[in-house]
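*Asks:* There's a structure below that I have some questions on.
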Amino acid sequence: LGEIENTLTQHEAVRSCVVVAREDGPGEKRLVAYVVLEDGHTAPDPRTELAQHLGRTLPEYMVPTAFVILDDLPLTANGKLDRKALPAPRIDAYAQREYVAPGTETERALAAVWAELLSFDESQVGADDNFFQMGGHSLLITVLVARLKEQGFDVPVRSVFSSPTLATLAAEIDGSTGSPAYELPPNLIPHGCERVTPEMLSLVDLDQDQIDAVVATVPGGAPNVQDLYPLASAQEGILFHHLLDPDSDPYLVSILLVADDEAACARFTRALQKLIDRHDVLRTAVLTAELPEPVQVVQRTARLEVERTLLDRDRDAEEQARALLARPRRMRVDEAPLLRLLIAEDPDSGRRYLLLSAHHLIEDASTLRLVLEELAVHMADRPELLASAPPYRDFVGHTLYQTATDDAEAHFRAALGDVTESTTPFGLTNVRGDGHEYPHLRRSLPDGLTQEVRAQAQRLRISPACLFHAAWACVVAAAAGGDDVVFGTVMSGRLQGVPGVERMLGNFINTLPLRVRLAGKTVRGLIEEVDGGLQGLIAREQSPLSLAQRCSGLEGDTPLFSSVINFRHFEPRHGEASLSLEEQGVHWLGETDAINYPLTVSLDDFGSELSLDLRADGAVACEAVADYVETALTGIVSALATNDGAGTLALDVDVLPAVERRRVLVEWNEG
């Protein structure tokens, strides 16, 4: 940033300036320049002039996307720059092109949605504006697609990537023949129902005997049955691993919180019950016995069972609580809610440690974030801040329809049909283990590498996730000894435009195989292949992994891959009305989460940093894997910065850190 500021101040019109990487919305950062002009500067469009000035000597990714003109830079009482007082850029900060008003009905509808999502005035959103250059990002696409669907526009996610300007996206919408929008059948089970019958079930086919068997498991019987429907495809795989060994279930997630006192603990417990009362997925059990397929039964009411224990006053209280977190206990999935709360009392301080456990059948990372936010609202007794709670059945219904009508089988046969060997880096092959038992590491990327990853992603107008996937392809190729690799990638699951999905609780994520061929490709070619592969998966993100497996050339149940990666956004809170658990006397201490694969690598975007989160079978050290990822990422962004990645072959990207490379190439040979 210092180099950008120095170059900017060399312009005769600039008195002073500061350049910051802002994140006014979750996800990708953007460079914003705050400029104080010299007196008498009269250029009609200083932003364009300044951008051109920087572009003469700096690479494109170092030119800020917005220029905010100020009378003076804000200062603190001590005379230092007050970064918190720097305003978010308005749309005129991006005014480096002639404004063209939206001219068609579709363009005007898009402008209204963009203005709402990006916090701009609708009258200032033009036909030539670019969604991503205005601050849009992959997380907002979830909301964008859903908003457009509510207005009758069925827009595939890939269209937003391929047609990012308002005019081109509107033209694609208008030129698409499309298919009739799917209308979700209503839930026909009435309140006070004394017997649930087959004609009341709109999403699943069960006969009367099967329905009666399901109802018999529900406390309170038929009057307490709200709905019955199948599992989403991602849930099917999770249930399989639970049934495989319920005592070593890899799909349990627990978080550890601490309440300041019994009063805060009691408010938290009440808030958790209110959360269950509001969201159908939290009152859901999953049943399999004597049924043609697993079903989810939603209860109208479900009471949270709370267990209490007293910690040993002769041992460190937090150490004892963390030990409880590290030992997840079995959870039945046929009894709602699939949540469990253990309160561990500190006999000396009055603090209460809160161990909240959930099953991945009803939860993912985005759901956990929404849960924590809503708990804070309930604890503050501010229910008016909550929007309506969309039912998870909406997602299940849309997913069933999409998977029955899309081209997933043809796609995966074309992509995987000639794959005849598993990709098992480091020789790790056990894909039916319990990740809770594997060593775990969290490590932040170096600040310089994080900045370069963001800068190159911004320049190429792709997500940092794409660069992460490309780096992992290099690591897997080296660790598996091949140039044609397959690994699992965790899909968001929320990108198909289901109305309200951005605030819906439940499990949405799905793991699908990404195949990457590295032979003969440059770094830029590798990135293009990865980007294309990811967009193909996004369009089919709820396809069953079992379908992809069947479409490969592998025999039987031989797995396609043994490593899984995930790029996760952890969004900062925004807005004056945002509340936090900390303000309510409840504080975060930690979490434990795992899946069934022997090697999982997540790159978590916290806005201020990128952080690796790894679990690996003990046969390979987490620290070593983190080193390989960092080295590969460094090689990729360096190649992109040097000559756009055109002069470096993907297979020539270093994976071994310099010290280990020297030991392997020099010291071992000398020995």
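*Asks:* Quick check: is even one residue across the range 429-449 touching a residue at least 40 places away in the same chain (Cβ under 8 Å), part of a helix (DSSP H, G or I) and either over 25 Å from PRO598 (Cβ atoms) or under 19 Å from the mean Cα position of the chain (by Cα) (or both)?
*Replies:* yes
Quick grid of which residues meet (1) at pLDDT 95 or above; (2) under 34 Å from the mean Cα position of the chain (by Cα); (3) small (Gly, Ala, Ser):
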site	(1), (2), (3)
ASP212	yes, no, no
THR217	yes, no, no
VAL225	yes, yes, no
LEU228	yes, yes, no
LEU231	yes, yes, no
ALA234	no, yes, yes
PRO246	no, yes, no
VAL253	no, yes, no
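*Asks:* Residue check, VAL625 against (1) in contact with a strand residue (DSSP E or B) (Cβ under 8 Å, 6 or more places away or on another chain); (2) assigned to a loop (DSSP other than H, G, I, E, B); (3) more than 23 Å from ILE255 (Cβ to Cβ); (4) not hydroxyl-bearing (Ser, Thr, Tyr), all met but one. Which one?
*Replies:* It fails just one condition, (2).
*Asks:* Okay, next question. Looking at this structure, is ASP394 acidic (Asp, Glu), surrounded by fewer than 19 Cβ atoms within 10 Å (Cβ to Cβ) and in contact (Cβ under 8 Å) with a residue 40 or more places away in the chain?
*Replies:* yes
*Asks:* So the check is Cβ under 6 Å with 6+ separation or different chains; which pairs have a first residue in the range 497-522 that's within 17 Å of LEU140 (Cα to Cα) and touching a residue at least 12 places away in the same chain (Cβ under 8 Å) and a second one that's of a type in the set (Lys, Arg) and in a loop (DSSP other than H, G, I, E, B)?
*Replies:* Cβ pairs passing all conditions: VAL501/ARG494; PHE508/ARG494.
Okay, residues lined up against (1) assigned to a helix (DSSP H, G or I); (2) surrounded by 16 or more Cβ atoms within 10 Å (Cβ to Cβ); (3) on the phi > 0 side of the Ramachandran plot:
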| residue | (1), (2), (3) |
| --- | --- |
| PHE161 | yes, yes, no |
| ALA167 | yes, yes, no |
| GLU183 | no, no, no |
| PRO186 | no, no, no |
| CYS193 | no, yes, no |
| SER202 | no, yes, no |
| ILE211 | yes, yes, no |
| PRO219 | no, no, no |
| TYR229 | no, yes, no |
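*Asks:* If I ask for residues that are hydroxyl-bearing (Ser, Thr, Tyr) and modelled with pLDDT of 90 or more, which ones from the range 11-63 would you list? Full working, then the answer.
*Replies:* If we filter the range 11-63 for residues that are hydroxyl-bearing (Ser, Thr, Tyr), which is where we start, we get 16, 34, 42, 48, 57, 61.
Those that are hydroxyl-bearing (Ser, Thr, Tyr) and modelled with pLDDT of 90 or more: SER16, TYR34.
*Asks:* Got a sec? Which of SER602, SER638, SER611 is in the same structural domain as THR522 (by TED's automatic domain parsing), crowded, with 16+ Cβ neighbours inside 10 Å and within 19 Å of PHE426 (Cα to Cα)? Can you show your working first?
*Replies:* Values: SER638 fails: within 19 Å of PHE426 (Cα to Cα); SER611 fails: within 19 Å of PHE426 (Cα to Cα).
Result of the check over SER602, SER638, SER611: SER602.
*Asks:* Here is a follow-up. Would you check if LEU325 is more than 28 Å from the chain's Cα centre (by Cα) and aliphatic (A, V, I, L, M)?
*Replies:* On the way: more than 28 Å from the chain's Cα centre (by Cα): no; aliphatic (A, V, I, L, M): yes.
In short, no.
*Asks:* Something else now. Filter the range 281-319 down to the residues that are touching an Asp or Glu at 6+ places or on another chain (Cβ under 8 Å), assigned to a loop (DSSP other than H, G, I, E, B) and under 25 Å from SER349 (Cβ atoms) and list them by number.
*Replies:* LEU311, ARG313
*Asks:* Next up: So LEU257 clears everything in (1) assigned to a helix (DSSP H, G or I); (2) closer than 29 Å to GLY435 by Cα; (3) within 28 Å of the chain's Cα centre (by Cα); (4) in contact (Cβ under 8 Å) with a residue 24 or more places away in the chain except one condition, right? Which one?
*Replies:* Looking at each condition in turn, LEU257 falls short on (1).
*Asks:* Related question: Taking the range 132-151 as the region of interest, how many residues are over 12 Å from GLN496 (Cα atoms) and either polar (S, T, N, Q) or modelled with pLDDT of 80 or more (or both)?
*Replies:* Within the range 132-151, residues that are over 12 Å from GLN496 (Cα atoms) and either polar (S, T, N, Q) or modelled with pLDDT of 80 or more (or both) number 3.
*Asks:* Only residues that are crowded, with 17+ Cβ neighbours inside 10 Å and within 16 Å of VAL486 (Cα to Cα): list them for the range 537-553, please.
*Replies:* Residues of the range 537-553 crowded, with 17+ Cβ neighbours inside 10 Å: 537-545, 547-549, 551-552.
Listed by number, the residues that qualify are LEU537, LEU545, LEU547, ALA548, GLN549, CYS551, SER552.
*Asks:* Tell me, please, whether a residue that is closer than 21 Å to ASP346 by Cα and among the hydroxyl-bearing types (Ser, Thr, Tyr) can be found in the range 224-246. Break it down stepwise before answering.
*Replies:* From the range 224-246, those closer than 21 Å to ASP346 by Cα are none; that's our starting set.
Within the range 224-246, none of the residues are closer than 21 Å to ASP346 by Cα and among the hydroxyl-bearing types (Ser, Thr, Tyr).
*Asks:* While we're on this one: In the list ALA457, ALA410, which residue meets the criterion of being assigned to a helix (DSSP H, G or I), assigned by TED's automatic domain parsing to the domain that holds SER562, within 28 Å of ASP484 (Cα to Cα) and at pLDDT 90 or above? Please lay out each step first, then the result.
*Replies:* Working: ALA457 fails: at pLDDT 90 or above.
Residue meeting the stated conditions: ALA410.
*Asks:* So, ALA548, is that one of a type in the set (A, V, I, L, M), in contact with a Pro (Cβ under 7 Å, 6 or more places away or on another chain) and in a helix (DSSP H, G or I) or not? So that I can check it myself, show each step before the final result.
*Replies:* Values: of a type in the set (A, V, I, L, M): yes; in contact with a Pro (Cβ under 7 Å, 6 or more places away or on another chain): yes; in a helix (DSSP H, G or I): yes.
When the stated conditions are applied, ALA548 passes them.
The values are calculated or read from the model by the stated rules, or taken from the named source; none is laboratory data. Source: prediction; values computed, not measured. All Cβ positions, glycine included, derive from the backbone under ideal geometry; neighbour counts span all protein chains shown.
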